[in-house]
Amino acid sequence: MPADVSVLGGGVAEAALAPPRPLADFWRAFSENRGAVVGLAVVTVIALIAILAPLIAPYSPIEQFRDVTKLPPAIFEGGDWRFPLGTDAVGRDMLSRLMYGAGVSLFIGLCVMSVSAVIGIALGLAAAFAGGITDVLILRVMDLIMAIPSLVLAILIVAVLGPGLTNTIIAVTVIYLPRYVRLVRASAITELRKDYVTAAKVAGAGPLRIMVSTVLPNCLAPLIVQAALGISDAILEAAGIGFLGFGAQPPTAEWGSMLADAREFIQASPWIIALPGIAILITVLAINVTGDGLRDALDPRLRRS
């Protein structure tokens, strides 16, 4: 056999025997989407700002400078570089409030996603495995939640529980719960029809072990994508509730409540309402683009050739 053929054959054999590298393969597929990489970088920067806000913010988010109220950003005429993004109607530094607001908004998104995912996984698996009346009851409750417009239902829940950050998280969690329940249920029903589940049953695995150790890991790919996109949806929903005055209450630096506080200054001092709106736009867009990249990387059918 010629040397070059033997070398080629050896290379093919080594490639065939090489251990799988799922993380490396995932990153290679994810990085093919340049927009997703940029989105991930932006989300990382925003998360770092939120975590380090107490250290890097110029001022406290509730500290007031009464002599410089409604100060424009420093790049505009009349601005002051002590307040690079200006001040609001009571003299609070906009840059500091935006930094602290990033932490509040991301906290809401992560809490809603985590609680919705955990409860949704439990109810979805229960519906798929139990079937019958249990499945029907869970689906009908989810259908009832989805039948009511999300913002209306959220306002109703907050009106009953009372305005505040905790109750906002509860309300947004309830309205996004059906997404996870229906997604996990559909994925679990599909997996239950496959041979490896039958083999696990024959091997003597109990229902709980089959649910958690066998079926659930194979339902994670769409669940991860839904969780990533659910963070941005929760941030938007919480901002809407805060804008209506039912969310985080003053002086908490939450982007939605900052928009509500600045409504009356939209013409006289437009930067006060524009800056938190831009922060919401950038954060939600970056998370959505990152979620699209996750979807493409986790679904081989969507990977670019």
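Nothing in this text is a laboratory measurement; each read-out follows from the coordinates by a stated rule. Note that the coordinates shown come from a computational prediction; the quantities given were computed from them, not determined experimentally. With ideal geometry, Cβ positions are generated from the backbone for all residues, glycine too; neighbour counts draw on all protein chains shown.
Structure values in brief
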read-out: Packing-based order for 281-287, 124-130, using average beta carbon neighbours within 10 Å, highest first; value: 124-130, 281-287
read-out: Vicinal HN-Hα couplings computed from phi for segment 238-246 (Karplus, 6.51 cos²θ - 1.76 cosθ + 1.60; Hz; Gly/Pro x); value: 5, 5, x, 5, x, 5, 7, x, 9
read-out: Segment 113-262 - convex hull of the alpha-carbon atoms, volume per residue in Å³; value: 106 Å³
read-out: Percentage relative contact order, the chain, counting C-alpha pairs under 8 Å, at least six apart; value: 24 percent
read-out: Local electrostatic count at ARG209 - Lys and Arg +1, Asp and Glu -1, tallied over other residues with Cβ under 15 Å; value: 0
read-out: Degrees between helix 3-17 axis and first principal axis of the chain (Cα, 0 to 90, nearest 10); value: 70 degrees
read-out: Against the rule of thumb 2.2 N^0.38 Å, how large the Cα Rg of segment 22-302 comes out; value: 1.18
read-out: Label-point separation, GLU264 to ILE148 (7 Å along Cα→Cβ), nm; value: 3.2 nm
read-out: Global form of segment 174-305, assessed from the alpha-carbon gyration tensor, a/c cut-off 1.5; value: prolate
read-out: Cβ crowding within 10 Å averaged over residues, with 156-162, 230-236, 30-36, 192-198 ranked highest first; value: 230-236, 30-36, 156-162, 192-198
read-out: The chain: angle of helix 34-56 to the longest principal axis, Cα-based, in degrees nearest 10; value: 50 degrees
read-out: Cα long-axis angle, helix 271-298 against the chain (0 to 90 degrees, to the nearest 10); value: 0 degrees
read-out: Ranked packing of 248-256, 205-213, most packed first, by mean Cβ within 10 Å; value: 248-256, 205-213
read-out: Sum of -39500 (n - 2.57) over DSSP H runs of 4+, divided by residues of the chain (222 nm, nearest 500); value: -23500 deg cm²/dmol
